[in-house]
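Data block below; observations after.
The values are calculated or read from the model by the stated rules, or taken from the named source; none is laboratory data. The model shown is predicted, which means the values in this text are computed figures rather than measured ones. Note: ideal-geometry Cβ built from the backbone for every residue, glycine included; neighbour counts use all protein chains shown.
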Amino acid sequence: MTKHIKKLSSISRRQLLVGSAAGTGLVIGYSVLPNMVDSASEAIAAGNWDHQQFLRMDANGKATVFVTKAEIGQHIGTALAQVVAEELEINWDDVSVNYPESHAKWGLHITGGSWSVNWTFDRNSRIGASARIALTEAGAKLMKVNADDCYAKNSIVYSNDGKSISYKDILSKTTIDRTFSEEEMKSLKLKSFGEYSVIGKSKVPFDVPPKINGTAKYGIDVFVPNMIYAIPIQNPTRYGAVPKTVDETEAKKVDGYVGTYVNKEGFTRVNTGYVVALGETYWAAEKAAKALKIDWDLGENQNISSDDIRNESIRLQQDPEAGFLWVLEGDVDKSMKNTTTQHTAIYETAIAYHGCMEPMNAVAYEKDDIMHIHSGHQSFTFAVGNTAAALGVEADKVVCHQYYAGGGFGRRTEPDTHVLVAQVCKFAGRPVKLIFSREQDMMFDFHRTPTYQVVEGGVEFDKLTSMNHDVVAGWSTKRAAPGFMPDSVDKKGKVDQFSTNGSDHWYDIPNHKVRSINNELSDKALPVGFLRAVAPSWTFWAVESYLDEMAKKIGRDPLAFRLDHLTARGKNAGSPPNSIGGSHRLRNALLVAAGRAGYGVKPLAKNVGMGLACVSSQERGSPTWTACVAEVKVDPNSGEVDVKRVTIAMDVGTAVDPDGVKKQIEGSALYGISLALYENLTMKNGSIEQSNFDSWTPMRLNQTPEIESVIIQNGHYPAGTGEPATTVVAPAIANAIENAVGARVRSLPITPEKLKSALREA
């Protein structure tokens with residue numbers, strides 16, 4: 001998927017145009033019709049100008065960077081603006097960001113996968129550089145000097161003979177007309193790591209002041225005149241239920257009741273049917289929703305439970321014909337026969353809820369035959385396409401407007417709220433605000449799939465020479481974006497990489513096989529979606545737990561055992577731009593984390609243990625080398641685990657905003673700890689049993705550990721930072737627990753009951 005998307009998000013073969021009219025400022029974008037213009041001014045005159053593609057500068061010298069990534073608390077707008085500003089040589093105080101509405105010109109309008117900086121760093125650098133060059137050339141002309149004798153700094157163009165002119169004066173006094181070919185863009189000389197003055201310096205994020213003073217506007221804050229409120233009624237089964245009849249008698253008695261939207265067909269990949277109560281106020285809609293009497297056809301999933309999904313996973317894993325190969329290297333079966341020590345282990349993870357602070361919501365209204373939808377959303381690409389399909393219109397008839405989002409974690413990549421609010425808007429003929437209650441948010445969530453993995457391996461001469469890894473999971477990509485599924489290595493079918501990534505790790509194991517198996521029952525019953533880090537949150541759980549188990553089985557220290565397998569040979573040598581250095585960088589991160597934590601050196605009290613793990617992020621093609629040491633204290637009597645401290649070392653290549661990176665590490669680590677120890681969802685009778693924070697319990701503030709984050713910078717291409725720490729903490733904690741009390745737990749979350757059971761078996 002990464003390779004495919006990057007082609008779409010890279011600088012195209014169209015000419016890049018930098019143009020202005022005197023006194024109006026400067027805009028940078030592509031010609032709408034490729035290869036049909038000779039200059040920016042001609043493009044402007046012809047209306048062949050896609051003017052808000054990247055950057056706009058006003059006549060006063062201030063710049064606006066257009067950011068097509070959602071602001072979900074990761075301060076992404078600030079980081080992306082820093083990249084542009086670095087090469088633009090502009091005063092930081094003169095920079096702002098804009099989160100534009102959806103449009104086809106943006107390409108894939110998606111925020112996820114820790115891809116935002118990684119995908120756009122080179123492009124944004126060249127955008128800034130091209131604008132600086134155009135301004136420098138224009139300034140030189142005004143100063144009547146040679147442009148080659150000029151340079152820009154702090155929004156001023158200087159000549160070597162002492163003359164200078166500000167960006168403001170340039171933009172207010174002259175017309176800029178500059179066209180860059182693709183070849184010119186590629187050949188632009190960019191700054192190197194040691195030359196940065198903006199990149200690598202922490203800035204006050206653009207989104208922090210409004211969030212502090214209360215002016216920040218989230219999707220749930222949107223209000224438009226004549227707006228009514230919509231409250232969906234939870235289906236009695238998560239997926240598959242269809243409303244047969246709806247009795248509005250009691251609802252009509254509610255003051256402010258507007259009506260009820262009934263959809264018996266649902267929408268592909270979203271739900272099978274809806275009932276939505278409408279009211280002039282939220283309170284009226286909520287009261288009406290409770291008053292409706294609905295007769296449901298519960299559908300084929302009405303009796304499905306968590307145990308059913310697990311049993312199906314076991315059945316599939318035991319079927320040698322199930323699934324497709326994701327990794328096939330060497331001959332695992334033959335090699336296994338020659339090993340001196342073998343070990344097999346089963347690892348599981350439970351259903352998980354995204355848990356966004358801001359429940360899902362959206363506002364829709366129609367104007368001039370255009371459906372406008374306002375929300376904080378991670379994927380306008382999916383939202384626009386699916387909403388247009390649901391309405392039976394072309395994609396250009398749907399426009400999504402971006403706001404801050406109170407948490408995403410993958411949940412806001414789904415189009416469900418946009419599809420539903422648009423349908424209800426059409427039905428009501430009025431602007432509609434759709435809001436999920438916490439209970440509805442939990443039930444309508446596209447949950448993380450439960451997983452079942454079997455790992456078996458063999459050791460010869462203290463080296464793991466064989467590994468066979470079966471990954472059984474629901475396949476989120478098959479539902480949401482099947483076109484992104486690549487062929488399996490055995491060419492027998494398509495594989496959902498977002499349910500399998502991470503199993504193709506960076507350890508040197510000559511005989512390695514990974515079988516990816518789709519549990520369609522999980523897909524049908526939930527259905528499953530993308531939750532922060534996706535597959536590595538379970539594949540690395542298995543791999544990193546298994547390595548500790550195997551190391552101990554043969555009497556090796558887990559750290560030394562890992563280092564022996566991080567050789568950076570063959571496919572693990574890495575390649576530019578993302579993985580230069582290969583697994584040597586993972587090895588280094590591991591050593592840094594171990595050293596900072598005092599692993600193997602620090603004296604530990606009884607029932608206190610340290611454990612470690614290391615991961616390479618979501619995909620091999622865009623790794624972030626991350627290692628963690630967790631220190632835990634275990635109460636053997638209660639089974640309670642107290643995570644005292646986690647030390648995380650992360651090789652990010654180049655940290656654009658170090659403070660933002662630190663926040664990402666800490667936030668994702670806490671998210672991962674919560675998933676590892678506390679969060680547990682179960683299914684019964686086709687629906688999620690837990691409904692609010694009283695029955696679903698994430699980590700509380702008083703349970704948070706001390707976190708030390710070490711950012712490793714080496715000037716390599718920037719890596720993503722929002723997800724790796726989510727995946728590395730769970731195995732580190734499990735390994736620490738075993739070192740503390742000698743009990744191995746192989747199922748997430750690690751509840752007191754599971755730990756006490758493991759203690760009895762130890």
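Annotations
- Unique match (being among the hydroxyl-bearing types (Ser, Thr, Tyr), in contact (Cβ under 8 Å) with a residue 12 or more places away in the chain, buried (at least 20 other Cβ atoms within 10 Å of the Cβ) and touching a Ser or Thr at 6+ places or on another chain (Cβ under 8 Å)) among SER306, SER313: SER313
- Region 257-309, subset under 29 Å from the mean Cα position of the chain (by Cα) and aromatic (Phe, Trp, Tyr), residue modelled with the lowest pLDDT: PHE267
- All positions within region 129-155 that are under 17 Å from ASP58 (Cβ atoms) and over 38 Å from the mean Cα position of the chain (by Cα): ALA138, GLY139
- Total residues in region 234-245 satisfying the condition of being surrounded by fewer than 20 Cβ atoms within 10 Å (Cβ to Cβ), within 30 Å of SER522 (Cβ to Cβ) and either in contact with a Cys (Cβ under 6 Å, 6 or more places away or on another chain) or at pLDDT 95 or above (or both): the figure is 2.
- Residue within region 418-431 that is within 28 Å of the chain's Cα centre (by Cα), at pLDDT below 95 and within 24 Å of MET357 (Cβ to Cβ) present: no
- Residue among ALA568, ALA589, ALA605 that alone is assigned to a helix (DSSP H, G or I), at pLDDT 95 or above and of a type in the set (Gly, Ala, Ser): ALA589
- Among residues of region 219-274, those that are small (Gly, Ala, Ser) and without any contact (Cβ under 8 Å) to a residue 40 or more places away in the chain, counted: 3
- The residues listed here are GLY502, GLY474, GLY457; of these, the one that is at positive phi and not basic (Lys, Arg) is GLY502.
The rows are residues; the columns are (1) basic (Lys, Arg); (2) under 30 Å from ARG448 (Cβ atoms).
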site: GLU184; (1), (2): no, no
site: LYS203; (1), (2): yes, no
site: PHE206; (1), (2): no, no
site: PRO209; (1), (2): no, no
site: GLY214; (1), (2): no, no
site: LYS217; (1), (2): yes, yes
site: ILE228; (1), (2): no, no
site: TYR239; (1), (2): no, yes
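- Scanning region 270-298 for residues that are surrounded by fewer than 19 Cβ atoms within 10 Å (Cβ to Cβ), closer than 22 Å to THR237 by Cα and of a type outside the set (A, V, I, L, M, F, W, C) returns GLU286, LYS290, LYS293, ASP295, ASP297.
- Only one entry in ILE220, ILE231 is surrounded by 13 or more Cβ atoms within 10 Å (Cβ to Cβ), modelled with pLDDT of 95 or more, in contact with a Pro (Cβ under 9 Å, 6 or more places away or on another chain) and not small (Gly, Ala, Ser), namely ILE220.
- Among the candidates LYS173, LYS141, residue that is surrounded by fewer than 23 Cβ atoms within 10 Å (Cβ to Cβ), farther than 21 Å from THR78 by Cβ and at pLDDT 95 or above: LYS141
- Pair list, Cβ under 6 Å, 6 or more apart: region 491-515 residue buried (at least 24 other Cβ atoms within 10 Å of the Cβ), other residue of a type in the set (Phe, Trp, Tyr) and part of a loop (DSSP other than H, G, I, E, B): ASP496/TRP475; SER499/TRP475
- For region 317-331, a residue qualifies if it is within 29 Å of the chain's Cα centre (by Cα) and either assigned to a helix (DSSP H, G or I) or in the same structural domain as ALA241 (by TED's automatic domain parsing) (or both), and exactly one does: GLN317.
- Residue in region 675-709 that is farthest from the chain's Cα centre (by Cα), counting only those that are assigned to a strand (DSSP E or B) and closer than 25 Å to TRP296 by Cβ: LYS684
- Matching residues in region 408-436 - criterion: being in contact with a Ser or Thr (Cβ under 8 Å, 6 or more places away or on another chain) and either among the β-branched types (Val, Ile, Thr) or farther than 21 Å from VAL534 by Cβ (or both): THR413, THR417, HIS418, VAL419, ALA422, LEU434, PHE436
- Of the residues making up region 182-205, none is crowded, with 17+ Cβ neighbours inside 10 Å, touching a helix residue (DSSP H, G or I) at 6+ places or on another chain (Cβ under 7 Å) and over 30 Å from ASP651 (Cβ atoms).
- Scope region 627-658; condition among the acidic types (Asp, Glu), closer than 26 Å to SER583 by Cα and not in a strand (DSSP E or B); matching residues: ASP657
- Filter result for ALA277 (in contact (Cβ under 8 Å) with a residue 12 or more places away in the chain, part of a helix (DSSP H, G or I) and among the small types (Gly, Ala, Ser)): no
- Meets criteria (among the polar types (S, T, N, Q) and outside the structural domain of GLN378 (by TED's automatic domain parsing)) for THR417: no
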